[in-house]
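The values are calculated or read from the model by the stated rules, or taken from the named source; none is laboratory data. None of the values given here were measured: they were computed from a predicted structure. Note: ideal-geometry Cβ built from the backbone for every residue, glycine included; neighbour counts use all protein chains shown. These area figures cover heavy atoms from the full protein model, side chains too; ligands, DNA and RNA do not enter into them. Shrake-Rupley method; radii C 1.70, N 1.55, O 1.52, S 1.80 Å.
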Amino acid sequence: MAIDLTFTRRDIAIALAIILLAYAYRTVIIFDRAAAPADLSAWNPLTTGGDQGVYYGSIAAFHAGTFPPQTYFFQPGMSWFLIGASALLGTDNLAVLRLLMAALAAINCGLMIAIVRLAFNNRWMAVLAGLLLALYPVGAFYDTDFVIASQSLELVCIALFGILWLWRRPANWMGAVLVGLSF
């Protein structure tokens, strides 16, 4: 039996709807946390000395010329991610950076659909996996924070997609490029 890996317009529409749902859900979380008292949400200002505060503070330290330090006391990937995102967006506004992180996480829900489709060749299983990732409350919460959990999951999904792409289409080298980029 041949494996059908074509994506119809309906498949794409469903994936886009899930991505939009995931982004809307994360945006609601961002606005809810922004409206909460600072002692509950630690949204703005960020907790001093915590991971988020250190990662976010790296943007200002980079502009001041004091980042990178000689010794990293925190995982440096998130700091560099925020510095790059801030440069790309032209702002270091907390809300804008959080919305970007939410958008990347929402796109990752669409990538999860493609991963499951490549792995199991089942459209509805893929849709269910995308919905589960889109609506998982803990994941959605972390997708709006400056911690490495969300970006780690995105990189793992890119690697897994690349591996599965190589498995299904070995003549296409793009899967190898994705695996390499994720690492």
Quiz item: Within the group ASP51, ASP32, which residue is among the acidic types (Asp, Glu), farther than 30 Å from THR8 by Cα and surrounded by fewer than 13 Cβ atoms within 10 Å (Cβ to Cβ)?
Solution: ASP32
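Results for (1) aromatic (Phe, Trp, Tyr); (2) modelled with pLDDT under 90; (3) under 30 Å from TYR55 (Cβ atoms); (4) open to solvent by less than 50 Å² (accessible area, probe 1.4 Å), shown as yes or no for each residue.
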position: ALA106; (1), (2), (3), (4): no, no, yes, yes
position: VAL127; (1), (2), (3), (4): no, no, no, yes
position: LEU131; (1), (2), (3), (4): no, no, yes, no
position: PRO137; (1), (2), (3), (4): no, no, yes, no
position: ASP143; (1), (2), (3), (4): no, no, yes, yes
position: PHE146; (1), (2), (3), (4): yes, yes, yes, yes
position: ILE163; (1), (2), (3), (4): no, no, yes, no
position: TRP173; (1), (2), (3), (4): yes, yes, no, no
position: LEU181; (1), (2), (3), (4): no, yes, yes, no
Quiz item: Do you know which of the residues in the range 1-29 that are open to solvent by 60 Å² or more (accessible area, probe 1.4 Å) and under 21 Å from GLU154 (Cβ atoms) is modelled with the lowest pLDDT?
Solution: PHE7
Self-check item: Count - residues of the range 71-88 that are open to solvent by 40 Å² or more (accessible area, probe 1.4 Å), of a type in the set (Ser, Thr, Tyr) and closer than 14 Å to MET101 by Cβ
Solution: 0
Quiz item: Just for helices (runs of 4 or more DSSP H) wholly inside the range 33-151: which have at least 2 residues that are of a type outside the set (Lys, Arg) and over 22 Å from LEU16 (Cα atoms)?
Solution: 38-41, 51-64, 76-89, 94-120
